[in-house]
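Notes for the one structure printed next.
The values are calculated or read from the model by the stated rules, or taken from the named source; none is laboratory data. On a predicted model such as this, the values are computed, not experimentally measured, just so you know. Cβ atoms come from the backbone with ideal geometry, glycine included; neighbour counts cover every protein chain shown. Heavy atoms of the whole protein, side chains included, go into the accessibility calculation; ligands, DNA and RNA do not. Shrake-Rupley method; radii C 1.70, N 1.55, O 1.52, S 1.80 Å.
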Amino acid sequence: MRRYPRIRWLMIVFCFFAIAINYIDRINLAIAAPHIKADLGLDDTSMGLVLGAFFWTYALMQIPAGRLIDRLGARAGLALAVGWWSLFTVFTSFGKGFTSLFAARLALGIGEAGGNPGCVKVVYSWFAKKQRATASGIFDAGPRAGSALALPLVAWLISTWDWETSFVVTGALGLVWVAIWLVFYREPEDMKGLDETERQNLLEDRAAPVVEGNAKVDLWSLFRHRNVWGMMIGFFCMNFATYFFVTWFPTYLTVAHGFSLKELGTLGAIPALMGIPGSLLGGVTSDALYRKGFSLTTARKTCLVLGMLLSSVIAFAAFTDSIAVILTLFSITYAGLAFTAANIWTLPADVAPASNYVATLGGIQNFAGNLAGIVTASFTGLMLSLSHGSFVVPLLVAGGICVLGALTFLFVLGKLEPLPITPTRKNPVVATAK
């Protein structure tokens, strides 16, 4: 039986905390939104634009961030990303109106764009193919943990001090993470003290070749492949529902169902908490199917389709006022989304044409996925303005798009294998296994 370095689990735990902090910094504005609206005199449409501002730069910077991390490596790349977004989380506390808040959230999105591509790079570097979904499930439990923690933490900070303090404190968490990360993280090739057999087993199990010298893969040729479009469309559908939680869910509970800050921090955290086992189960299930002899394609797509179908129950929340039923439906939805996401984040490593394009594909996939953040935040804000505060249409649309996502993963996503390498015109590709 092949042995691998046990310290790899510590590396993925670092990623878990990075993405948890990422989501705390992303969601704190949604929790503070009612207080900011009252303090600064913003209406629902303006608040929707502020909530969605983050996603413009977050989506647009995904591909550049992925390329940068492939070049810098995960250690420097993630440190730069987390440090950047943490500083602009702190700067959000100085917002005094629509323009300054909008600008701070645009800047936040630039840094957060490097979070998930960086973690995908860590998974590729430290985990064999048969464990990548489990590892992805661990780091992708970070958004669920961050979402769950953000609700009581930010609610407490606001009720004890004010909304400005909540941004200072949550931003400081990321700066502490950067210091610890730089001390401990190294690539397997550079990590001192590893058993050499375990190190070599890990390096040999990397599926994709390395593009040597100055040769480059034609980046735009990646968009010619059906699987890349399946990843992008499927991720968009998943994130349409996910980002309802990130942007408007706290407002939905407080405005539509009268939740207090205390209830928001306790009962409101239940769906996000259910996402943690959902994420872990999604990764473990996919890897278990693969180890039992199912093809990689079958293992991944089974979990992707099942998770999206479970998520579609969010639509039924439009037809009930029962808090117990609503929290149950949202818990199933969140668990289903997390179950799906654990497998989505294995796809870049599964199909990358070369090892130095893993984070790039993660960025391409996440670019499309986070266009959904722009659409969800703005669409929901517009529907609230037009319907005088009703969430019925946003919930129904979210459920329908989850079903569309399941169909996309079933019929558009094809066989999961490394994409063929297409060289640039100037440079031939020289590839070697590693």
Name, by its number, the condition in (1) in contact with a Leu (Cβ under 7 Å, 6 or more places away or on another chain); (2) at pLDDT below 90; (3) open to solvent by less than 10 Å² (accessible area, probe 1.4 Å) that does not hold for residue 159. (3)
What is the number of the single condition among (1) touching a helix residue (DSSP H, G or I) at 6+ places or on another chain (Cβ under 6 Å); (2) of a type in the set (Val, Ile, Thr); (3) without any contact (Cβ under 8 Å) to a residue 40 or more places away in the chain that residue 99 does not meet? (1)
Picking from 97, 52, the residue that is under 28 Å from residue 223 (Cβ atoms) and either in contact with a His (Cβ under 8 Å, 6 or more places away or on another chain) or of a type in the set (Gly, Ala, Ser) (or both) would be 52
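For segment 84-93, enumerate the residues that are small (Gly, Ala, Ser) and crowded, with 22+ Cβ neighbours inside 10 Å.
Step one: filter segment 84-93 for residues small (Gly, Ala, Ser), giving 86, 93.
86, the sole residue that qualifies.
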Within segment 253-276, the residues that are closer than 15 Å to residue 47 by Cα and crowded, with 24+ Cβ neighbours inside 10 Å are none
Answer from 74, 81, 65 - the residue that is crowded, with 19+ Cβ neighbours inside 10 Å, at pLDDT 95 or above and within 24 Å of residue 125 (Cβ to Cβ): 81
Residue 96 versus (1) at pLDDT below 85; (2) open to solvent by less than 10 Å² (accessible area, probe 1.4 Å); (3) not polar (S, T, N, Q): which is the lone unmet condition? (2)
Wholly enclosed helices (runs of 4 or more DSSP H) of segment 297-387 bearing at least 1 residues of a type in the set (A, V, I, L, M, F, W, C) and without any contact (Cβ under 8 Å) to a residue 40 or more places away in the chain: 323-344, 358-386
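Among 295, 331, 312, 286, which is the only one that is surrounded by fewer than 17 Cβ atoms within 10 Å (Cβ to Cβ) and hydroxyl-bearing (Ser, Thr, Tyr)? Quick ask: steps written out before the conclusion?
Working: 331 fails: surrounded by fewer than 17 Cβ atoms within 10 Å (Cβ to Cβ); 312 fails: surrounded by fewer than 17 Cβ atoms within 10 Å (Cβ to Cβ); 286 fails: surrounded by fewer than 17 Cβ atoms within 10 Å (Cβ to Cβ).
Unique residue meeting the criteria: 295.
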